[in-house]
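In what follows, a structure is listed as structure tokens, so that the remarks can point back to it.
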Amino acid sequence: PLDVYGSGPDFKDIVSRAENNGLSLNFLGAKDHQDSSFRDYKVFINPSLSDVVATTTAEALAMGKFVIVAEHPSNHFFAQFPNCMVYNTEEEFSECVRKALREEPHPLSDEDRYRLTWEAATERLINVAEPGRKRNLTGQALDQLSWTTHHLLTNIEQFRKFAGAGHGTKHAPEDIKELNGEMYSGSGFFDRSRARAQKSC
């Protein structure tokens, strides 16, 4: 059986579905990431499509384990590591599990170990976010044009109404707790309520 760790609002539904389908899963609830029992495992499976760049996946790779994840943008960083296996289908998932149980993980290189640290993650964030990052003149001009256009248009009340921001939303109320959403509802082009109304027609 596969040992399953974790909890959450869907936990009971997941357990019930596993039992109804006769799946050999051993649900052990939530545990701290530093629990010593995790050291005994060779394989970590994270099938989530909503847990963006999961810390648990990074921790498992740093511990030298095989990691099995779904093909998803949030897992692209992990897919670079030799011990990470990515699947698209149920058949590929099963093959990944069989391979991981059959083989031994690759030793983690110093470079890969460093890429899994918070220090390296912070460096990647700064490289992407800092204003002075490497950008050609065309990119810089487009950035400036986008910012200027957004700034100008969002200061025009008529455009704000058209975009669905609602009436009188240019300036926030002094006390946000006093905000009455009904007072500001609009029917702009991008307004969700307008889209729902069209869909129901």
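The values are calculated or read from the model by the stated rules, or taken from the named source; none is laboratory data. None of these values were measured; they are calculated from a predicted model. Cβ placement follows ideal geometry from the backbone for every residue including glycine, while neighbour counts extend to all protein chains displayed. Each accessible area value is taken on the protein alone, full model and side chains, heavy atoms only, with ligands, DNA and RNA left out. Shrake-Rupley method; radii C 1.70, N 1.55, O 1.52, S 1.80 Å.
Figures for the structure shown
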item: Enumerated strands (runs of 3 or more DSSP E) restricted to the range 8-123, each holding at least 3 residues that are hydrophobic (A, V, I, L, M, F, W, C); result: 43-46, 66-70, 84-87
item: Cross-chain or 6+ apart pairs with Cβ under 8 Å, the range 1-20 first and touching a residue at least 40 places away in the same chain (Cβ under 8 Å), then open to solvent by less than 100 Å² (accessible area, probe 1.4 Å) and in a strand (DSSP E or B); result: 2/25; 2/26; 2/45
